[in-house]
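The values are calculated or read from the model by the stated rules, or taken from the named source; none is laboratory data. Because the structure is predicted, anything quoted here is derived from the model rather than measured. For neighbour counting, all protein chains shown are included, and Cβ atoms are generated from backbone atoms with ideal geometry for every residue, glycine included. For the accessible areas, the whole protein counts, side chains as well, though only heavy atoms, and no ligand, DNA or RNA atoms are used. Shrake-Rupley method; radii C 1.70, N 1.55, O 1.52, S 1.80 Å.
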Amino acid sequence: MAAAAAPAAVSGGGKVTSQAYLESMAVKDTRVLIADLCRQFYNLGWVSGTGGSITIKVHDDSIPKPQQLILMSPSGVQKERMEPEDMYVLAENGSILSSPSPKPYPNKPPKCSDCAPLFLKAYEMRNAGAVIHSHGIESCLVTMLKPLSKEFRIEAYPKTTAVLVRNHGIYVWGDSWINAKTQAECYHYLFDAAIKLHQLGLDWSTPNHGPLQDARAILGSGINTSVKAGLKDSNHGTEPLPRCIVLDIEGTTTPISFVADVLFPYARDNVGRHLSATYETAETQEDIKLLHSQVEDDLAQGVDGAVPIPPDDTGKEEVIAALVANVEAMIKADRKITALKQLQGHIWRTGFEKNELEGVVFEDVPEALEKWHSLGIKVYIYSSGSRLAQRLVFGKTKYGDLRKYLSGFFDTAVGNKKETRSYVEISESLGVDTPSEILFITDVLQEAVAAKGAGLEVAVSIRQGNAPLPDNHGFKTVNSFAEI
């Protein structure tokens, strides 16, 4: 049955798309491809009951991708019975250039996919080449495992390739139909695995898949519950367990002396050797680029210890000498800047690999991490040290690899630790309903104030070697993680 089309159609950009092009082999092949994929996806259970949809751009090397024609499956049609002529052809702005002709009863009149606005957003915002919308049972059930999870805006996650819609499946996109299809298959596999792990009572959201225990279900929430858990404080009593705990490192999980007397001196003493040995690598060149930019800013602002870095053609040794001088000054001033922290992380990595370094944590930390993990509490690290450095500290300790109890790491890329906005970003990233579901523990009063300003629950860590707190600081305090 021939598709209905005008002799010529005008695209959103004011260009004329000829009837000949609408009937070209590239368009015909894409029509056939969508029909074939719909039959495959029907057999997989992704597009049953007329649900789900597919859209693919017509690949044409002579046309820029954003301006390529869009083919889209219709709405309310049995996907396993679709034919190539059933597809809609759209311009890049979503205007319909060609519609399928009506079919006799009992077929419904043709209608473009109800998902069209969402498909067009994926094309516009992610430069996609194809989008798949699946109603597969796995993609619907998996949204029920976390009933309190928040929705999010696509702009906030520029690298994402899929969006789950509660009780309505998933939208997956890729730069080509092959990429989108591959990712859709992988997502459905992961969703199925998550559901089965959950049914087995195992935690699907962490790498080691330990026992799934809902702290609220175990401990109860009624007034007759004999056991309560939470943050114990002599002045404030016991409060409910948080959903997430975010930990500082220095002075909280780890003695300040380890950072000040072991890690910093190791980085300072080995910066020259590290730069010389790795100077030509892409990683070190990126480190140098960051340092160069930071030093230029420091010189402009008159920062003590900043010295000019000579141009590359001056010679490797002269460049490294200037870099070493700047890094030593930065370390001495304990500056919390990305350029320094990134380089330190790379130097420390070598030390850990050579068994010259081993992470140190307070003795109550491993047991607490294991306990929180068993209770279903997600634990994250937020430190001014790079994420690489954080993983190194917890990855190799005398207690073994503690990273299995940690759900993620934040560094200064999310923001300065003494700024409230940083904690807003973290709470939005963790997907809690309210920031107060996060407990942040730090030894630095200014960080505590910033986190409280973002609505987080806060406790200040009291450890040997930490700076004293002023009177009437107003925060809960903990001397050991065993108190939480």
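Overall shape: oblate for region 239-284, with the ratio a/c of the largest to smallest alpha carbon gyration tensor axis at 1.5 or above and b/c at least equal to a/b. Give the residue from I462, N479, W372 lying farthest towards the positive end of the charge dipole for the chain; charges sit on Cβ (+1 for Lys and Arg, -1 for Asp and Glu) and the dipole is referred to the Cα centre. Of the listed residues, the answer is W372. Positive end of the charge dipole of the chain (Lys, Arg +1 and Asp, Glu -1 on Cβ, about the Cα centre): tell me which of G136, L388, N416 has its Cα farthest that way. The residue sitting farthest along the positive end of the dipole is G136. I need the calculated FRET efficiency for the pair S480 and F264, taking r as the beta carbon distance and R₀ as 41 Å, to the nearest 0.05. For S480 and F264, the calculated efficiency is 0.95.
Using the Cα centre as the reference, give the magnitude of the dipole from point charges on the C-beta atoms of the chain (Lys, Arg: +1; Asp, Glu: -1; all else neutral), rounded to the nearest 20 debye. Mind showing how you got there, number by number?
Values: 48 positive and 59 negative charges, 336 e Å.
So the dipole magnitude of the chain works out to roughly 1620 debye.
Counted over all Cα-Cα pairs of the chain, pairs farther apart than 41 Å make up 40 percent. With the simple spin-label model, which puts each label point 7 Å out from Cα in the Cβ direction, the I96 to E318 separation comes to 7.0 nm. A simple packing score, the average count of other Cβ atoms within 10 Å per residue, orders the peptides 307-318, 165-176 as 165-176, 307-318, with the highest score first. Remark: the S24-M125 segment gains 33.6 nm on full extension, using 0.36 nm per residue and subtracting the alpha carbon distance.
As a calculated quantity, the FRET efficiency between D175 and Y105 at R0 = 35 Å, using C-beta atoms, amounts to about 0.30. Sequence-ordered 3J(HN,Hα) estimates for region 402-409 from the Karplus curve with 6.51, -1.76 and 1.60 and θ = phi - 60° stand at 8, 5, 5, 9, 10, 9, x, 9 Hz, glycine and proline given as x.
Note the full-extension length gain between A333 and Y399 as 0.36 nm times their separation in residues minus their Cα-Cα distance, in nm to one decimal. Mind dumping the intermediate values first?
Details: separation 66, 0.36 × 66 = 23.76 nm, distance 3.17 nm.
Result: 20.6 nm gained on full extension.
Helix 264-278 axis versus longest C-alpha principal axis of the chain: approximately 50°, rounded to the nearest ten.
Pop out the carbon and sulfur fraction of the accessible area of the chain as a percent, whole number, probe 1.4 Å. Can you show the working numbers first?
Numbers: 12800 of 23970 Å².
So the carbon and sulfur contribution to the accessible surface is 53 percent.
Put a dot 7 Å past the Cα of L200, heading toward its Cβ, do the same for E367, and the two dots end up 3.0 nm apart. Classify region 440-484 as rounded, prolate or oblate from the Cα gyration tensor: take a ≥ b ≥ c as the square roots of its eigenvalues, call it rounded if a/c is under 1.5, otherwise prolate when a/b beats b/c and oblate if not. Oblate is the answer for region 440-484, as a/c is 1.5 or above yet b/c matches or exceeds a/b. Sketch the reach of a paramagnetic label on D114 as a point 7 Å from Cα along Cα-to-Cβ, and name the residues of region 167-181 whose backbone nitrogen lies under 20 Å away. Within reach of a label on D114, which here means backbone N under 20 Å from a point 7 Å along Cα→Cβ, region 167-181 contributes 167-172. Residue-wise HN-Hα couplings along region 109-121, as the Karplus relation 6.51 cos²θ - 1.76 cosθ + 1.60 with θ = phi - 60° gives them from phi, are x, x, 8, 5, 3, 5, 7, 3, x, 6, 4, 5, 5 Hz; Gly and Pro carry x.
If you take the Cα centroid of region 374-437 and the Cα centroid of region 277-353, the two points sit 26 Å apart.
Relative contact order for the chain: 11 percent, from Cα pairs under 8 Å spaced at least 6 residues apart, divided by residue count. Shown here is the pair-distance distribution of region 274-348: with all Cα-Cα distances grouped in 10 Å bins from zero up to the longest one, the shares run 20, 59, 21, 0 percent.
Computed from backbone phi with θ = phi - 60° and the Karplus coefficients 6.51, -1.76 and 1.60, the 3J(HN,Hα) list for region 420-425 is 4, 4, 4, 6, 5, 4 Hz; x is used for glycine and proline.
Would you work out the relative contact order for region 342-433, in percent, from Cα pairs under 8 angstrom that are 6 or more residues apart? Could the numbers behind the result be given before it?
Working: 100 pairs, mean separation 26.9, N = 92.
That works out to 29 percent.
Note that the chain presents 50 Å² accessible area per residue, ligands and nucleic acids not counted, probe 1.4 Å. Seen from N355, the other residues with C-beta closer than 14 Å to its C-beta sum to a net charge of +1, counting Lys and Arg as +1 and Asp and Glu as -1.
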